[in-house]
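Right, one structure below, let's go through it.
The values are calculated or read from the model by the stated rules, or taken from the named source; none is laboratory data. All values derive from a computational prediction rather than experimental measurement. When we count neighbours, we look across all protein chains shown, and the Cβ atoms used for this are built from the backbone with ideal geometry, even at glycine. In case anyone asks, the SASA skips ligands and DNA or RNA and just uses the protein heavy atoms, side chains included. Shrake-Rupley method; radii C 1.70, N 1.55, O 1.52, S 1.80 Å.
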Amino acid sequence: MAHPTQLGFQDAASPVMEELLHFHDHALMIVFLISTLVLYIIVAMVSTKLTNKYILDSQEIEIVWTILPAVILVLIALPSLRILYLMDEINDPNLTIKAMGHQWYWSYEYTDYEDLGFDSYMIPTQDLSPGHFRLLETDHRMVVPMESPIRVLVSAEDVLHSWAVPSLGVKMDAVPGRLNQTAFIASRPGVFYGQCSEICGANHSFMPIVVEAVPLEHFESWSSLMLEDA
């Protein structure tokens, strides 16, 4: 969960998000080194009147500043492509959930069960319980087992939406008439918050996403209880 004055990302709750955080730090360090070098060159050129004839016309320097940027781009592209393929890989998911975007709430259907589905609405501020987050809490959470591959099928019924949970490293567009899929593994138990990340209308900011990761035995008890209530 993000907190006030936070500068970085939320704590990772999935292996893919951990990889994304590592890649962010890797790329940021390269950008920092390049910026420092450019700033040093600018300051040196402004603060001195001395010139070096070998710098003004040097074949070796031209070769270096042509090859060096190419090497830097490769150092950024290789880990980026690796993570891209990791995010797209879905191997034998243990559970499939269909998330459908509406104006302005989410509905979830557990397709591995015969009749397990529900709508998830934001809880109004006046109805919040102590400890709940305003504009982020829902009346029904999407409960998933931890340490299990989860596939999420995302679509929309009316306009464009986007199903996003930052701490799980998941963000997928919900397009009417199209079924997109994404996957994640919750590496620890907890409650993870997200919101629709597409400007979908007047109440765009009031359709939160709450994913609750629990141990497998707790998930089985929850699913049995939900099926009995249905």
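Structure data summary
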item: Carbon and sulfur %, accessible surface of the chain computed with the full protein complex present, 1.4 Å; result: 61 percent
item: Under the Karplus curve 6.51 cos²θ - 1.76 cosθ + 1.60, θ = phi - 60°, whole-Hz ³J(HN,Hα) for segment 22-28, x wherever Gly or Pro sits; result: 5, 5, 4, 5, 4, 5, 5
item: Using θ = phi - 60° and Karplus 6.51 cos²θ - 1.76 cosθ + 1.60, couplings along segment 170-184 (whole Hz; Gly, Pro as x); result: 10, 7, 9, 5, 9, 10, x, x, 10, 10, 9, 9, 9, 8, 7
item: For segment 95-229: relative contact order, % (alpha-carbon pairs under 8 angstrom, 6 or more apart); result: 27 percent
item: Amide H partners (placed H, <5 Å) of residue 183, local residues excluded; result: 152
item: Cβ crowding within 10 Å averaged over residues, with 163-169, 62-68, 203-209 ranked highest first; result: 163-169, 203-209, 62-68
item: As computed over segment 63-169, the Cα convex hull volume per residue (Å³); result: 181 Å³
item: q = 0.14, 0.16, 0.30, 0.32 Å⁻¹, segment 176-230: log10 I(q)/I(0) [Debye, one scatterer per Cα]; result: -0.63, -0.78, -1.12, -1.17
item: Under 5 Å, built H, 5+ apart or other chain: amide partners of residue 137; result: 123
item: For residue 195, residues with placed amide H under 5 Å, excluding near neighbours; result: 164, 209
item: FRET efficiency for residue 37 and residue 92, using Cβ-Cβ distance with R0 set to 45 Å, rounded to 0.05; result: 0.45
item: In degrees, nearest ten, helix 216-229 long axis to first principal axis of the chain (Cα); result: 40 degrees
item: The chain: relative contact order in percent, alpha carbon pairs under 8 Å with at least 6 residues between; result: 21 percent
item: In Hz, Karplus ³J(HN,Hα) per residue of segment 146-157 (6.51, -1.76, 1.60; θ = phi - 60°; x = Gly, Pro); result: 6, 6, 10, x, 10, 9, 10, 8, 10, 8, 9, 9
item: Distance from segment 89-124 to segment 1-18 (C-alpha centre basis), Å; result: 24 Å
item: For segment 15-88, diffusion coefficient by Stokes-Einstein and Kirkwood Rh (Cα), 25 °C, 0.890 mPa s, µm²/s; result: 164 µm²/s
item: Peptides ranked, highest mean first, by Cβ atoms within 10 Å: ranges 139-152, 29-42; result: 139-152, 29-42
item: Qualifying trypsin sites (Lys or Arg not before Pro) in segment 26-95, DSSP loop, other Cβ atoms within 10 Å at most 14; result: 49
item: Average accessible surface area per residue within the chain, 1.4 Å rolling probe, Å²; result: 63 Å²
